[in-house]
Amino acid sequence: GEVVFPDEWATEVTERFGHTPELAESARRVAGYTAEDWRQILEDERSIATRLAAVMATGAPPESTAAMDLAEEHRNGLRRWFFDCTPELHVAFAAMFETDAPIRASFEGVAAGLTDYLGRAIIASAKRAEGLRGAG
């Protein structure tokens, strides 16, 4: 079966980020993606979600290094496939995950509470990145 880009997601992103060069960049790149590319993107996402759920199951907080590292891996996936996702933009995306039903459903399908856990890990990871930048 053909893997298609979730329309709700595209709409939501456009509503929030439609004016940004990041979205234009994302649309340009996505236009060239094959079904194989989408399979890889979804596989990467699923892999991160599954590993994050395992970290969450150990009782580790989303501010733990293991959770933050997976949040960072998630950001790098966005950078690889869609646009140059800065930690700041990633935090904006985390806010979107909270309110977007299809995205929530996909994370909650992996583990209950995973959407919020990822959101908090993203925020912690962004703060960590800020700290690293500030230390320079």
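The values are calculated or read from the model by the stated rules, or taken from the named source; none is laboratory data. None of these values were measured; they are calculated from a predicted model. Please note: Cβ atoms are built from the backbone with ideal geometry, for glycine as well, and neighbour counts cover all protein chains shown. When the accessible area is computed, the model is the full protein with side chains, heavy atoms only, and any ligands, DNA or RNA have been set aside. Shrake-Rupley method; radii C 1.70, N 1.55, O 1.52, S 1.80 Å.
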Positions within the stretch 107-125 being part of a helix (DSSP H, G or I), over 12 Å from the mean Cα position of the chain (by Cα) and over 12 Å from P62 (Cα atoms), in sequence order:
E108, G109, V110
Among the residues of the stretch 80-105, the number that are touching a residue at least 60 places away in the same chain (Cβ under 8 Å) and either part of a helix (DSSP H, G or I) or closer than 17 Å to M68 by Cβ (or both) is 7
Log entry, pairs with first residue in the stretch 112-135 being of a type in the set (K, R), second being modelled with pLDDT of 95 or more and assigned to a helix (DSSP H, G or I), beta carbons closer than 7 Å, six or more apart or on different chains, reads R128/M68
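Does the stretch 25-39 contain any residue that is of a type in the set (A, V, I, L, M, F, W, C) and touching an Asp or Glu at 6+ places or on another chain (Cβ under 8 Å)? Before the answer, list the steps.
Step one: list which residues in the stretch 25-39 are of a type in the set (A, V, I, L, M, F, W, C), which gives 27, 30-31, 35, 38.
Checking which are touching an Asp or Glu at 6+ places or on another chain (Cβ under 8 Å) leaves us with 35.
The answer is yes, given that some residue of the stretch 25-39 is of a type in the set (A, V, I, L, M, F, W, C) and touching an Asp or Glu at 6+ places or on another chain (Cβ under 8 Å).
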Can you tell me which condition A94 does not meet? The list is (1) surrounded by fewer than 17 Cβ atoms within 10 Å (Cβ to Cβ); (2) at pLDDT below 90; (3) of a type outside the set (F, W, Y), and all the others hold.
(1)
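Given the residues D100, D84, which is the only one that is open to solvent by 70 Å² or more (accessible area, probe 1.4 Å) and under 24 Å from T20 (Cβ atoms)? Even if it seems obvious, please write down each step before you answer.
Details: D100 fails: open to solvent by 70 Å² or more (accessible area, probe 1.4 Å).
Exactly one residue qualifies, and that residue is D84.
Tell me, yes or no, whether the stretch 49-62 has at least one residue that is touching a Leu at 6+ places or on another chain (Cβ under 9 Å), surrounded by fewer than 19 Cβ atoms within 10 Å (Cβ to Cβ) and assigned to a helix (DSSP H, G or I). Even if it seems obvious, please write down each step before you answer.
Taking the stretch 49-62 and keeping what is touching a Leu at 6+ places or on another chain (Cβ under 9 Å), we get 49, 51-53, 55-56, 62.
Going one step further and asking which of them are surrounded by fewer than 19 Cβ atoms within 10 Å (Cβ to Cβ), we end up with 51, 53.
Narrowing further to those that are assigned to a helix (DSSP H, G or I): 51, 53.
Looking through the stretch 49-62, at least one residue is touching a Leu at 6+ places or on another chain (Cβ under 9 Å), surrounded by fewer than 19 Cβ atoms within 10 Å (Cβ to Cβ) and assigned to a helix (DSSP H, G or I).
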